[in-house]
Each structure stands twice: as C-alpha cells, then as structure tokens.
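Notes follow the structure.
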Ligand code: C2E
Ligand code: CA
Ligand code: CA
Ligand code: CA
C-alpha cells in the first residue's frame, strides 16, 4: 500500500465504486425484470446411466438483459438473494414452468420428474412461505412430479426452519435433492434426518474423471454412500464419453451434462421427449 501513490489509490477507489454502481444498476434492472416477468426457462434433461432413457429435467433460469445480453444466473441469483428478491424469482420459475409443461402436455405423461433450484434462505420467511404453499396447493397435481434442488450449505445455514419447511413440503408430495453434493459441509447424521430422495455430485468431482485418482475415489465413495442411504445419485456436468463410462462402471444411477443434452427451451424438450 505504501508503494502505491495517491493516484493509484484513487484509481482503485474508482474501480471499486464503478463495480458497486454497476451492481446497483443491475439490481434496479432485476427488479424491473421481475415486475415484467421477463425471464426465460430452459430445461436440461437427465438420463439413466444404464438405459440412456430420460428420467427428468432440471429447470434453469435465463435473463436476457436489454443492453448487456444474457446475464449469468450465478450472478443475478446471488444479487436476488442479497436483495431479498429470490422469493419472487422462485415463484416466477414455478408458475412459468407449470404453464409451459402444461401447454405441451408433458407432465405426468412423457415427463415424470421436474427439478427446480431453490435457496434455503427462502425457507425461513413465514410470511412468504404461506404464499408459496398456497401457490403449490393451487397446483396440487404438479407436486407429485416436483423436486427441489437445494445445497447443503443453504440447509445448514438455516437448519431448523429448513427441516420444518422440508417436512411440510414432503407431505405435499414434493421431493428433495441435495445440489452440488460434496462441496459443502454435512454429516451422515444430517443426511439421514432430512427427507431426501437424491444427491447430485458436484461437477468439480466429475470434470477430471477418470484420470484424476483423487476425484475417482471421491466419486466412488459418494456412489456407495448414496446406495447405502437408498438415495438416487445424479452426476452433473458430464461432458465426455470417458466420464460416462466411469459412472456406468461404478454404478451411478443418473447423469446430466453437455455430452447428453444442453439446457433447451420447452419446444425442443417436447420434440426430444416425443421422439422428434
Ligand atoms: P446448478 O444448479 O449447479 O446448475 C447446473 C449448471 O451447470 C447450469 O448452469 C448448467 O447449464 C450447467 N451445466 C450443465 N451441464 C453442464 C456441463 O456438462 N458442463 C458445464 N460446464 N456446465 C454444465 P447455469 O444455468 O448457468 O446455472 C448456474 C447456477 O445458477 C445453477 O447451478 C444454480 O445454482 C443457479 N440457478 C440457475 N437457475 C436457477 C433458478 O431458477 N433458481 C435458483 N435459485 N438458482 C438458479
Ligand atoms: Ca441445480
Ligand atoms: Ca449443481
Ligand atoms: Ca453449482
């Protein structure tokens, strides 16, 4: 800091305040996008490793900014969480998803499972939750096909409220998946306490398979663990045939990744599922 002259110091300050202003502007635009519901959904199919059949889809959100173009979800989701806007986003995802899948008559016919990403931060707010439960109750027939993906870290940060809410949702027929499994902290004890159907091994453990001995060992351990907990295991971010082969040889149930299918709009999903 001593070596930096006053000029450099000012430069640093300006860079900081610019990116801060940039985030403020983005938050404003995000609020507007929420009001106008100007988001799109894409669906990424998941496949049984053994048969290659589609088992379900994960819904991913897309935001095309009028001037900036597509904003990465990791960025605007984090902003939405910080600003208390994530509830609104989850609601939009749920409503749009139901409308799109109903429109194509996919749910309960050729599609038996649809996963959406939720943030456990949402499970703590009573006022909001009443609203959310009402929305789900109005779409009661969808709940049996619905799965929520949630991270360990999010659950741990709000354990008691999460347990409560998950139990209530489970009674409505909704299932749960732990997203990015292996990157957070959770104990076997916790995993057994939660109403879980599925674990998703994080992409970071998949990308260097099969040659990275460490990752191979971790992947095998998680596969065996899921088997003994009687949970479905989904590998995410599968990009190569060698990765697919490793997962098949080691008894992983399902996979998702660019090798098999990219996230796609509902029309394309419709074609894929109806053999077009
Ligand atoms: P995630 O839940 O772990 O989603 C998987 C991400 O990996 C998606 O990125 C997907 O497009 C990408 N992906 C899938 N297969 C491959 C592959 O083979 N290789 C690589 N390199 N990437 C692959 P995306 O759509 O950019 O989403 C990033 C994150 O943003 C998601 O991570 C999730 O945490 C969050 N997100 C996306 N949509 C929603 C949403 O509707 N609600 C919430 N709360 N979060 C969302
Ligand atoms: Ca996910
Ligand atoms: Ca994930
Ligand atoms: Ca992730």
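The values are calculated or read from the model by the stated rules, or taken from the named source; none is laboratory data. As the structure is a computational prediction, the values presented were derived from the model and not from experiment. As a convention, Cβ positions derive from the backbone with ideal geometry for all residues, glycine included, and neighbour counts pool all protein chains shown.
What the table shows:
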{"quantity": "Filter result (away from ligand 1 (no atom under 15 Å from the Cβ) and either buried (at least 17 other Cβ atoms within 10 Å of the Cβ) or over 20 Å from residue 267 (Cβ atoms) (or both)) within segment 80-111", "calculated": "104, 106, 107, 111"}
{"quantity": "Strands (runs of 3 or more DSSP E) within segment 156-253 that include 1 or more residues at pLDDT below 95", "calculated": "175-181"}
{"quantity": "Exclusive hit being without any contact (Cβ under 8 Å) to a residue 24 or more places away in the chain, in a helix (DSSP H, G or I) and farther than 27 Å from residue 155 by Cβ, set 35, 134", "calculated": "35"}
{"quantity": "Where residue 255 falls short, out of the listed (1) under 26 Å from residue 97 (Cβ atoms); (2) within 23 Å of the chain's Cα centre (by Cα); (3) more than 16 Å from ligand 4 (Cβ to nearest atom)", "calculated": "(3)"}
{"quantity": "Subset tally (residues that are more than 15 Å from ligand 1 (Cβ to nearest atom) and either more than 19 Å from residue 198 (Cα to Cα) or more than 23 Å from the chain's Cα centre (by Cα) (or both)) for segment 232-250", "calculated": "4"}
{"quantity": "Condition met for residue 1 (away from ligand 4 (no atom under 16 Å from the Cβ) and modelled with pLDDT of 75 or more)", "calculated": "no"}
{"quantity": "Odd one out for residue 62, checked against (1) surrounded by fewer than 16 Cβ atoms within 10 Å (Cβ to Cβ); (2) within 16 Å of ligand 2 (Cβ to nearest atom); (3) at pLDDT 95 or above; (4) not in a strand (DSSP E or B)", "calculated": "(4)"}
{"quantity": "Meets criteria (more than 14 Å from the chain's Cα centre (by Cα) and at pLDDT 95 or above) for residue 104", "calculated": "no"}
{"quantity": "Filter pass, residue 54 being within 15 Å of ligand 1 (Cβ to nearest atom) and either under 30 Å from residue 246 (Cβ atoms) or surrounded by fewer than 14 Cβ atoms within 10 Å (Cβ to Cβ) (or both)", "calculated": "yes"}
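A quick yes/no check of all residues on (1) surrounded by fewer than 17 Cβ atoms within 10 Å (Cβ to Cβ); (2) within 16 Å of ligand 4 (Cβ to nearest atom):
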{"site": "180", "(1), (2)": "no, yes"}
{"site": "195", "(1), (2)": "yes, no"}
{"site": "217", "(1), (2)": "yes, no"}
{"site": "226", "(1), (2)": "no, no"}
{"site": "230", "(1), (2)": "yes, no"}
{"site": "236", "(1), (2)": "no, yes"}
{"site": "261", "(1), (2)": "no, no"}
